[in-house]
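Here's the structure we're looking at; comments come further down.
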Amino acid sequence: MPRESANLPEYWDGYKPHRGDGEQQAPEADVFAWTQYDGHGPGAEFLGSPRTALELGSAEGKEAVNLARTGVLVTALDFSAAQIARARRWWDGTPGLTFVHAEACDHLTRTDTTYDTVFSIWGAIWFTDPADLIPLVAKRLNPGGILAFSQAEPIEGYEGPQPMYGNGLAGRKLPLVRWSYAPDWWADLLKRQGFTDIDAQVLAAPDPADVGTLMVRARIPA
């Protein structure tokens with residue numbers, strides 16, 4: 001049956017739906033994963049050694065929990081009220097962890113809080129116009145702070161905003177846009193926004209014939 005989300009918040013409410021019987025159990029949070037392949041790619045060390053962190057698009061909250069358990073003060077933000085409610089049900093009481101229901105640009109515009117790192121794992125940085133989002137991230141990073149994110153590698157020759165029907169081709173019309181760019185495009189944008197130590201590359205899949213992962217990390221000067 002096609003999805004019938006009427007708007008984007010409803011669409012994200014249904015991300016990773018529970019398909020079993022009874023109450024959904026909390027997933028394991030013992031691994032910090034950046035890629036779509038189990039056991040592949042870096043872990044939390046990709047963030048450096050932050051004392052504070054903001055995750056943009058935390059969904060289930062697994063990585064936020066994993067990071068908070070190491071002593072980092074983590075704010076986990078998501079656009080979906082349902083995702084935040086589920087994450088709070090599972091993880092409320094985790095020391096140093098706060099969940100926030102907000103859109104990424106709205107939060108970064110309204111808050112005065114700054115962070116040692118801002119990160120996104122197949123999250124808001126993939127689904128928000130970088131021309132709007134990246135300047136706001138830069139303002140909310142502490143001196144020497146790190147921006148890090150991952151998403152699917154771009155399709156060669158088809159870079160830029162990529163609209164799709166969120167409910168599928170037989171469902172209610174709901175435009176959904178992903179912003180997909182090559183590593184050199186990201187490096188140029190981040191440089192123009194004042195970032196340094198920029199590392200933007202595609203991490204090949206375990207099988208090179210499969211889809212790789214765009215991995216980007218950059219630092220605000222100290």
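Annotations
- Output for segment 180-193, where each listed residue is open to solvent by less than 40 Å² (accessible area, probe 1.4 Å) and either at pLDDT below 95 or in a helix (DSSP H, G or I) (or both): Pro183, Trp186, Ala187, Leu189, Leu190
- When the criteria are applied in full, Ile146 fails the requirement of being open to solvent by 30 Å² or more (accessible area, probe 1.4 Å), of a type in the set (Val, Ile, Thr), farther than 27 Å from Tyr11 by Cβ and touching a Phe, Trp or Tyr at 6+ places or on another chain (Cβ under 9 Å).
- Close pairs from segment 152-170: first farther than 26 Å from Ala33 by Cβ, partner open to solvent by 80 Å² or more (accessible area, probe 1.4 Å) and part of a strand (DSSP E or B), Cβ under 9 Å, at least 6 apart: Pro163/Pro175; Tyr165/Pro175
- Counted residues, segment 200-222 - those being open to solvent by 50 Å² or more (accessible area, probe 1.4 Å) and either within 18 Å of Pro130 (Cβ to Cβ) or out of contact with any strand residue (DSSP E or B) (no Cβ under 8 Å at 6 or more places or on another chain) (or both): 10
- Scanning segment 152-179 for residues that are in a strand (DSSP E or B) and at negative phi gives Ala152, Pro161, Gln162, Pro163, Met164, Tyr165, Pro175, Leu176, Val177, Arg178, Trp179.
- Residue selected from segment 128-140 under the condition in a loop (DSSP other than H, G, I, E, B) and of a type outside the set (Asp, Glu), by the criterion nearest to Leu176 (Cα to Cα): Thr128
The values are calculated or read from the model by the stated rules, or taken from the named source; none is laboratory data. None of these values were measured; they are calculated from a predicted model. Because the Cβ atoms are built from the backbone with ideal geometry, glycine has one as well, and the counts that use them run over all protein chains shown. Surface areas here come from the heavy atoms of the whole protein model, side chains and all, with no ligands, DNA or RNA. Shrake-Rupley method; radii C 1.70, N 1.55, O 1.52, S 1.80 Å.
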